[in-house]
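Engineer: First the structure, which I've put down as C-alpha cells, then a few questions once you've had a look.
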Amino acid sequence: MRTAVISDIHANLEALQAVLDHIDTQNVDRIICLGDILGYGPSPVECVDLVAERCEWSLMGNHDFGVLYEPTNFNVAAEQAAYWSREQFDLESDNGISAKRWEFLSRLRVRVLEDDFLYVHGTPRRPINEYLFPEDALNSPVKMQQIFELVEKYALVGHTHVPGVFTDEPDFYPPDDLDGVYKLDGEDKAIINPGSVGQPRDLDPRASYVIIEDDCVRFFRLEYDIDAVASKIRATPQLLDWLGERLYEGR
Ligand code: ZN
C-alpha cells in the first residue's frame with residue numbers, strides 16, 4: 001500500500017493543489033493528513049473542502065482546534081488569523097454546506113493507530129500541542145526517551161514544519177542526509193515528520209510531503225505559486241503581511 005502523508009497545510013490552497021497534483025502522478029492508494037489544515041493562510045474554506053474530498057482522514061492540529069474552539073498560546077497574528085478563518089466558514093450563505101464543514105472539523109481525531117504506524121499532529125504524549133524539534137535529539141534525552149516509549153514502531157508527526165526522521169539513538173536526519181528516502185527495516189523505531197505543505201520552516205520554501213511505501217518513506221519537495229498566496233494575504237487586512245513574506249524564506 002502507498003500512503004501519501006500531508007501535514008500543516010495552513011490554508012495555503014496553491015501549495016495544497018501543487019502537492020495533490022504531484023500525488024496524482026504517484027499512484028498512491030490513499031492520502032492522509034496530520035492536521036493544521038487551517039491557520040495563517042488565506043484559503044481556509046477551500047482547503048477544508050479539498051482535504052474532506054481527497055483525504056481518507058485527517059487529524060486535528062492546534063490551529064484547527066483554535067478555529068473550532070479557541071486559540072490558545074497563539075501569537076497575535078495567529079490568533080487574528082484563527083478568528084478571521086472562523087468568520088469565513090460562517091460567511092457561507094448556504095447553511096447546509098457551512099454546517100457540514102463544521103461537522104467535518106469537529107470530527108477530526110487527535111490520534112490514529114494503524115498497524116505499525118501511530119499518527120499524531122504534535123507528539124505521542126501531547127498529540128495536539130507539543131513540538132518535537134530536531135534539536136531535541138541533541139538537547140532533550142529524557143523527552144526523546146519518554147516520547148519513544150509511547151511509539152511501538154513508527155510514528156508520523158507534524159507541527160514543527162521541519163521534515164526528517166528521528167531515531168531512538170536519539171538522532172535526527174533531514175531528508176537530504178537520507179537522499180530523500182528512509183528505509184523501514186522493521187528493527188529500529190522511528191518518528192517521521194513529512195514537513196509542511198503550506199508553510200515550510202526549514203529554510204526551503206517548497207511544499208513538503210512524504211509517501212509511505214511497503215519498505216520505505218520517500219520525501220518530496222514541490223515549488224508552487226508563492227506570489228499568488230502572498231498577494232491574497234496582502235489583500236486580507238486581518239492577515240498580517242509577514243505571514244506571506246515568510247513563505248518566500250521557508251521559515
Ligand atoms: Zn502547523
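Engineer: Write out, first by first residue and then by second, each pair whose Cβ atoms fall under 9 Å of each other, whose residues are 6+ apart or on separate chains, and whose first residue, in region 221-245, is in contact (Cβ under 8 Å) with a residue 60 or more places away in the chain and under 14 Å from residue 197 (Cα atoms) while the second is of a type in the set (Lys, Arg) and open to solvent by 30 Å² or more (accessible area, probe 1.4 Å).
Structural biologist: 222/206; 223/206; 224/206
Engineer: Now for a separate question. Would you check if there is a residue in region 33-45 being of a type in the set (Ser, Thr, Tyr), part of a strand (DSSP E or B) and under 21 Å from residue 208 (Cα atoms)?
Structural biologist: no
Engineer: Against the conditions (1) touching a residue at least 60 places away in the same chain (Cβ under 8 Å); (2) part of a loop (DSSP other than H, G, I, E, B), where does residue 200 fall short? Just the number, please.
Structural biologist: All conditions pass for residue 200, except number (1).
Engineer: Applying the selection to region 181-206, what residues are open to solvent by 60 Å² or more (accessible area, probe 1.4 Å), away from the ligand (no atom under 16 Å from the Cβ) and at pLDDT 95 or above? First the steps, then the outcome.
Structural biologist: Within region 181-206, the first condition is being open to solvent by 60 Å² or more (accessible area, probe 1.4 Å), and the residues that meet it are 183, 185, 187-188, 201, 203, 206.
Then keep just the ones that are away from the ligand (no atom under 16 Å from the Cβ); that gives 183, 185, 187-188, 203, 206.
Scanning region 181-206 gives 183, 203, 206.
Engineer: While we're looking at this one, here's another question. Output the number of residues of region 136-166 satisfying the condition of being away from the ligand (no atom under 16 Å from the Cβ), under 23 Å from residue 9 (Cα atoms) and either in a helix (DSSP H, G or I) or of a type outside the set (Val, Ile, Thr) (or both). Write out each step before concluding.
Structural biologist: Initial filter on region 136-166 (away from the ligand (no atom under 16 Å from the Cβ)): 136-155, 165-166.
With under 23 Å from residue 9 (Cα atoms) added as a condition, the list becomes 154-155, 165-166.
Right, trim to either in a helix (DSSP H, G or I) or of a type outside the set (Val, Ile, Thr) (or both) and you get 154-155, 166.
Total satisfying the criteria: 3.
The values are calculated or read from the model by the stated rules, or taken from the named source; none is laboratory data. As the structure is a computational prediction, the values presented were derived from the model and not from experiment. As a convention, Cβ positions derive from the backbone with ideal geometry for all residues, glycine included, and neighbour counts pool all protein chains shown. Surface areas here come from the heavy atoms of the whole protein model, side chains and all, with no ligands, DNA or RNA. Shrake-Rupley method; radii C 1.70, N 1.55, O 1.52, S 1.80 Å.
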